[in-house]
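I have placed the structure first, in the form of structure tokens, so that the comments after it can refer back to it.
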Amino acid sequence: DAGVTQSPTHLIKTRGQHVTLRCSPISGHKSVSWYQQVLGQGPQFIFQYYEKEERGRGNFPDRFSARQFPNYSSELNVNALLLGDSALYLCASSWGTEETQYFGPGTRLLVL
Amino acid sequence: EDKVVQSPLSLVVHEGDTVTLNCSYEVTNFRSLLWYKQEKKAPTFLFMLTSSGIEKKSGRLSSILDKKELFSILNITATQTGDSAIYLCAVLSNAGNNRKLIWGLGTSLAVNP
């Protein structure tokens, strides 16, 4: 069975641009969570979605938004990119909101 | 403010040694504590702990949770070079409709041959 997949794997953008990252959960999982991991630090929680509804939000500015589709895949959007947004963006899926989360390989974003 | 603190931040041992990694937390509406191993890519799941005093074991790795003292430990016996990684602890918090994972900074373990 396929695990969590994310696209693209790597991305380079310039300041002020916007970016859309995509995630497909493990088949049967209904919850998707997004994390930002800066080099040398643990993942920081951004959003959790379950059944297309937002169920959790971390301390990120409104430039960050996300949505979940009927097939449970998800997109993370970041507007007006800043240099500090450069990070590894991880998507994790779980059956429900409190079950173990399994991570995808991540999308590495570099903002120049 | 919710927080998860791991110690030590970094550890270097020789193959065959036993290591104990610590994770303490101050989180409102605690639901569970999770341990992950991160090598070069995304974290991989190790254990999920919800009840105090019940040891979870997988091969040379084991973990236990103390909900009274608000901490967990991860033990690795007979370490191997392949155990070299960052070990992350995270606590699942459920406050009303707001559920989130709060992460520690991780413990970087290096196992030398």
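The values are calculated or read from the model by the stated rules, or taken from the named source; none is laboratory data. Since this is a predicted model, take the numbers as computed values, not measurements. Glycine gets a Cβ as well: all are built from the backbone with ideal geometry, and neighbour counts include every protein chain shown. The area values use the complete protein model at the heavy-atom level, side chains included, leaving out ligands, DNA and RNA. Shrake-Rupley method; radii C 1.70, N 1.55, O 1.52, S 1.80 Å.
Only a single item in (1) more than 17 Å from A:P43 (Cα to Cα); (2) touching a residue at least 40 places away in the same chain (Cβ under 8 Å); (3) open to solvent by 20 Å² or more (accessible area, probe 1.4 Å); (4) over 10 Å from the mean Cα position of the chain (by Cα) is not met by B:V27, and it is number (1). Go through chain B and tell me which strands (runs of 3 or more DSSP E), entirely inside it, have 2 or more residues that are facing chain A (nearest Cβ under 10 Å). Result: B:3-7, B:30-38, B:44-49, B:85-95, B:98-103.
Only one entry in B:A78, B:A95, B:A85 is within 28 Å of A:P105 (Cβ to Cβ) and of a type in the set (A, V, I, L, M, F, W, C), namely B:A85. Looking only at residues in the stretch A:6-30 that are assigned to a strand (DSSP E or B) and under 10 Å from A:S93 (Cα atoms), which one is nearest to the chain's Cα centre (by Cα)? Among them, the one singled out is A:C23. Can you spot a residue in the stretch A:89-104 that is modelled with pLDDT of 90 or more and more than 16 Å from A:S24 (Cα to Cα)? Looking through the stretch A:89-104, none of the residues is modelled with pLDDT of 90 or more and more than 16 Å from A:S24 (Cα to Cα). If the condition is being surrounded by fewer than 15 Cβ atoms within 10 Å (Cβ to Cβ) and farther than 21 Å from B:R60 by Cα, then the stretch B:70-113 contributes B:A95, B:G96, B:N97, B:N98. Open to solvent by 20 Å² or more (accessible area, probe 1.4 Å), touching a residue at least 24 places away in the same chain (Cβ under 8 Å) and among the aliphatic types (A, V, I, L, M), is that true of B:I64? Criteria not met by B:I64.
For beta carbons closer than 8 Å, sequence separation of 6+ or different chains, a first residue in the stretch A:1-16 that is on the phi < 0 side of the Ramachandran plot and among the basic types (K, R) and a second that is modelled with pLDDT of 95 or more and open to solvent by less than 60 Å² (accessible area, probe 1.4 Å), the qualifying pairs are A:K13/A:V19; A:K13/A:L81; A:K13/A:L109; A:K13/A:V111; A:R15/A:L81; A:R15/A:V111. Looking across the stretch B:38-61, the residues that are in contact (Cβ under 8 Å) with a residue 12 or more places away in the chain and not small (G, A, S) come down to B:Q38, B:E39, B:P43, B:L46, B:F47, B:M48, B:L49, B:T50, B:R60, B:L61.
Scan the stretch A:6-43 for residues that are of a type in the set (A, V, I, L, M, F, W, C) and away from chain B (no Cβ under 14 Å) and the total you get is 3.
Which residues, taken from the stretch A:37-55, are within 24 Å of A:P70 (Cα to Cα), buried (at least 18 other Cβ atoms within 10 Å of the Cβ) and at pLDDT 90 or above?
Hits for the stretch A:37-55 are A:I46, A:F47, A:Q48, A:Y49, A:Y50.
Restricting attention to the stretch A:95-112, the residues that are within 10 Å of another protein chain (Cβ to nearest Cβ) and either part of a loop (DSSP other than H, G, I, E, B) or open to solvent by less than 10 Å² (accessible area, probe 1.4 Å) (or both) total 9.
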